[in-house]
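The values are calculated or read from the model by the stated rules, or taken from the named source; none is laboratory data. Being a predicted model, the structure only gives us computed values, none of them experimental. Positions of Cβ are backbone-derived with ideal geometry, glycine not excepted, and every protein chain shown enters the neighbour counts. In case anyone asks, the SASA skips ligands and DNA or RNA and just uses the protein heavy atoms, side chains included. Shrake-Rupley method; radii C 1.70, N 1.55, O 1.52, S 1.80 Å.
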Amino acid sequence: AARRSRERKAAKVQTLETQVTHLEHLNQTLQINLARSEKERTLLASREHDHARRIAQLEGMLKEAHEALMARAVDTITTASTANANLNVNVPVKAPTPNPTPAASSVIAFPGGIVREDIGSPDTD
């Protein structure tokens, strides 16, 4: 009975030693994977930071370009308005004489410099 007890105990110790070896190997593999994952996470966080900084830089450039274009558009509109105001000063405008039946492809001039080729009856817009 004592011999069988010692044999069972030895078998159990052998099983436990096998499990310990397996678990140590598994632990080592997991630690390697963890280290690799941490390194990759650090690299990706660094890239994310670089990308965020680049996005902010590009957004700033876009804002500056937009503001410059808007300023140029305002200048163009202001210049055009001033030029039109200067051109229209003391320029008599003769009202068109309506033609009850305009010929096809006749040209009609309206006040404000609008010229159009009319086919059929004039539009009211």
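Nearest 0.05, what FRET efficiency do I32 and L58 give at R0 = 41 Å with Cβ-Cβ as r? Present the calculation step by step, with values, prior to reporting the outcome.
On the way: r = 39 Å, r/R0 = 0.95.
The computed FRET efficiency comes out at 0.60.
Whole number in Å², please: accessible area per residue of the stretch 4-45, 1.4 Å probe, ligands, DNA and RNA not counted.
Details: 4060 Å² over 42 residues.
Value for the stretch 4-45: 97 Å² per residue.
Once both labels are modelled 7 Å past Cα along the beta-carbon direction, what's the A73-R3 spacing in nm?
Placing both labels 7 Å along Cα→Cβ, they lie 10.2 nm apart.
Just how much of T42 is accessible, in Å², when a 1.4 Å probe is used and the result is rounded to the nearest 10?
80 Å²
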